[in-house]
1. From the list C:ALA100, C:ALA124, pick out the single residue that is in the same structural domain as C:GLU352 (by TED's automatic domain parsing), touching a strand residue (DSSP E or B) at 6+ places or on another chain (Cβ under 7 Å) and buried (at least 21 other Cβ atoms within 10 Å of the Cβ).
2. Scan segment C:144-177 for residues that are in contact with a helix residue (DSSP H, G or I) (Cβ under 8 Å, 6 or more places away or on another chain), more than 10 Å from every other protein chain (Cβ to nearest Cβ) and open to solvent by 20 Å² or more (accessible area, probe 1.4 Å) and report the count.
3. Taking into account only those residues within segment B:110-125 that are touching a strand residue (DSSP E or B) at 6+ places or on another chain (Cβ under 8 Å) and open to solvent by 10 Å² or more (accessible area, probe 1.4 Å), which is farthest from B:LEU69 (Cα to Cα)?
4. Does C:GLY49 meet the test of being within 11 Å of chain A (Cβ to nearest Cβ) and either in contact (Cβ under 8 Å) with a residue 12 or more places away in the chain or more than 20 Å from B:PHE162 (Cβ to Cβ) (or both)?
5. Any chance you could count how many residues in segment C:341-393 are on the phi > 0 side of the Ramachandran plot and part of a strand (DSSP E or B)?
6. Within the group C:THR235, C:THR218, which residue is in contact with a helix residue (DSSP H, G or I) (Cβ under 6 Å, 6 or more places away or on another chain) and farther than 29 Å from C:GLU102 by Cβ?
7. List, please: which pairs have Cβ atoms under 9 Å, are six or more places apart or on different chains, and start with a residue in segment B:133-156 that is under 14 Å from A:SER93 (Cβ atoms) and open to solvent by 40 Å² or more (accessible area, probe 1.4 Å) and end with one that is of a type in the set (A, V, I, L, M) and in a loop (DSSP other than H, G, I, E, B)?
8. Pull up segment A:120-130, narrow it to residues that are open to solvent by less than 20 Å² (accessible area, probe 1.4 Å), within 15 Å of A:CYS54 (Cα to Cα) and among the hydrophobic types (A, V, I, L, M, F, W, C), then point me to the one that is nearest to the other protein chains (Cβ to nearest Cβ).
Amino acid sequence: MSPMAASPYVDIPALSDHISGSLGHNFVTTTVDKVIAWGRYNSMWPALFGLACCAIEMMGTGGPKFDMARFGAEVFRASPRQADLMIVAGRVSQKMAPVLRQIYDQMPEPKWVIAMGACASCGGVFNNYAIVQGVDKVVPVDVYVPGCPPRPEALLDSVIKLQRKIRATATV
Amino acid sequence: MAAPRLEAAALDRARQVLDEIVPGAVTAIDDSPPEGALLIDEQHLVDACRALRDDPRTGYTMPLFSSALDWLEREPRFDLVYQLRSLTQNTTLRLKVPLADGVSGDLPHAPSLSAVWPGMEWHERETYDLLGVVFDGHPDLRRILMPDDWEGHPLRKDYVSFGEPVLFTDRASFAPDSAMSRGAPD
Amino acid sequence: MTSSLGTPSSTVGLSLVEDTSEGPLMELNMGPQHPSTHGVLRLVLRVEGERVRSAMPHIGYLHTGFEKDFERLTYHQGTPHTDRMDYLSPLGNNLGYALAVEKLLGEIVPVRAQRIRVIMTELARIGSHLIFFGTSALELGAQSAFLYAWRERERILEVNEMVSGVRMMTSFIRVGGLMADVPAEFDPTVRAIVHDFKPRIDEYESLLTENPLWLDRTRGLGVFSAADAIAYGWTGPCLRASGIDYDVRTSDPYSGYDEYEFDVPVGTHGDVYDRYLVRVQEMRESLRIIEQALDRLEPGPVVIDNRKVVLPPRSELDISMEAVIHHFKIVTEGFRPPPGEVYLAVENPRGECGFYIVSDASNKPYRLKVRAPSFNLVAAIPELMRGCLIADTVAILGSLDFVLGDVDR
């Protein structure tokens, strides 16, 4: 055999050393479930469903002082077809209950619901003919936030809890 | 605070104008403290309101609200209440119209004031919705606050405002269909 | 012809309604879930292309049954409910309710309480107008105005929290006076807000007032004449923008408003732009009032001296049996005002908010009717929107600055 240039084929042991050397810096290994869950909970898009006073605190949570954008949930979509989180912020009256259900049905899977405030969780102070005693009579709820209205920090806490829930229960 | 003397003077002036232009409209003055009201006869209501609105001595051009009181045990059962504001005289006035209930379960009827003040239109719809008073001559009388197919008139005194019995956690039942079992414990 | 009533409410509903001589009319459903309807208002628009030929508002999606609830609650228990009606100015409702019940009782609160009431309600007025500023600008595309408005509003909510512990629904103004006296930090904090906010109003105005985009979108739109506004029962900044100088604080002064020097801004054209200008100017006037009230604040009691109405101070509960009995009676049974009726109105940021209370000498009101200022504003929407473009409906709704909690109660 004549002494020629190095073989056109890469020397496998040297290459794999090179790759594994950089594996630690540039790659992470995980499961598909976890990646998809990470994508979902870090960019939840709430559907605009501010009904009453809680909506004002929800706006405050998106405002400059409390800044829900840090948690990825800043983009409030007006169309439920583009949203995956419904924050029911406020009291739901008898006339509004079918609308609530319809908006929930229009959201594509996967979707989550936060019942913000006492009125959405259980009817609040209004135990009467006009208010639905808790939105879980109409839609399934993932996180309940107490308060009347809940502080913006409480709403952020509920978003974080929901993120943990998604991480824990993620399946593709 | 608005002085009581001002209110009495406004009442008197309104009564004078009405006695002159629509005689027989004012049936009485309700002067129970702290404020008074003019009791108006239902037949003369629309003319009386027009007079109060147009006469420069009164000038009640602004309708504040209209509603009704349900005196369940009293005959006549209802009192229609109208509160008006005069910007020129800087006074406010209350009119009350006793109204008997309809016979054998029918709804009572009263004349509509929506032609006198367009602002009264929605207030009369609300009175119809919540108290069950029908306003004749109203352009669009239908329910406004309750769903269109709601039965009953919630603000009537014989309407029971149902809610939900309060469940205490130490006595709650954890049956599969109870509301208590649906929330995730923390 | 399809009915605009029986169809289920949805965000998007289109149907070809009728073929008129001007062309086919389409029926478009806007709300009740909508980013720009300021709450759960449903508008059924009949449009021809982009032109609105008629607009019919449907309300009741936030009806809470407040008036029925008041009939089964004692007078003190009703106070937190008043917070939640017009939820953008809860202190204004507190004040109206407290003044109406105090008129029934024939009581007038001490001067210090009156001055603090004025300061808190004027701060609430600024807070509410800031929301108007932020949201109506946001809906027309000026997003940064929203963030600036909220930055200032947070400082006002911090004052609420300082005096009462609650950011929004404070129930701070109660029948017989205030919940408690204000802490020592109240004066420097509010003065700092007034001092900082004065130049900032000018700064925020520079975003919009002479902005050609803003002028194009708001000038000459949604015009309502003075006569129409009066006939519809309009009050507040919307009425004043149409040129009528009517403000409950000047015509029926309460809580010592006749002592303060302030102007009531009045517009000329009655369009969306004038309503915006009136509210911005009102914020400046509110700052003036707050400063004057702070300067006149002197030590004194903040509740009336009527133990049958006002809770005794907590320190007395340890030493006086009578105080305990009074406390017990007030909390369980409440107080019984003499029989009678009263209508008392205050100037809320939306207009004249009146409370009509009928007392039958029991511990609960026989009837409590709330004269909601936003109700009459929304009733005029069919008149305002006739002939405007679909995009203009958003500007008009924003300029009215109504609150559905107030409209629907």
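The values are calculated or read from the model by the stated rules, or taken from the named source; none is laboratory data. Note that the structure is a prediction, hence the values are computed from the model and not measured. Because the Cβ atoms are built from the backbone with ideal geometry, glycine has one as well, and the counts that use them run over all protein chains shown. Just so you know, the surface numbers come from the protein's heavy atoms only, side chains and all, with ligands and any DNA or RNA stripped out. Shrake-Rupley method; radii C 1.70, N 1.55, O 1.52, S 1.80 Å.
1. Numbers: C:ALA124 fails: touching a strand residue (DSSP E or B) at 6+ places or on another chain (Cβ under 7 Å).
Criteria check complete, one pass: C:ALA100.
2. Qualifying residue count for the region: 3.
3. B:SER114
4. no
5. To start, the set of residues in segment C:341-393 that are on the phi > 0 side of the Ramachandran plot comprises C:351, C:361, C:387.
So of that shortlist, the ones also part of a strand (DSSP E or B) come out as C:351.
Final tally of qualifying residues: 1.
6. Numbers: C:THR235 fails: farther than 29 Å from C:GLU102 by Cβ.
Of C:THR235, C:THR218, the one residue that is in contact with a helix residue (DSSP H, G or I) (Cβ under 6 Å, 6 or more places away or on another chain) and farther than 29 Å from C:GLU102 by Cβ is C:THR218.
7. Close Cβ pairs satisfying both conditions: B:ASP148/C:LEU5.
8. Keep residues of segment A:120-130 that are open to solvent by less than 20 Å² (accessible area, probe 1.4 Å), which gives A:120, A:123, A:126, A:128-130.
Next cut, within 15 Å of A:CYS54 (Cα to Cα) only: A:120, A:123, A:126.
Filter once more, so that each one left must be among the hydrophobic types (A, V, I, L, M, F, W, C): A:120, A:126.
Working: A:ALA120: 13, A:PHE126: 5 Å.
By that ranking, first place goes to A:PHE126.
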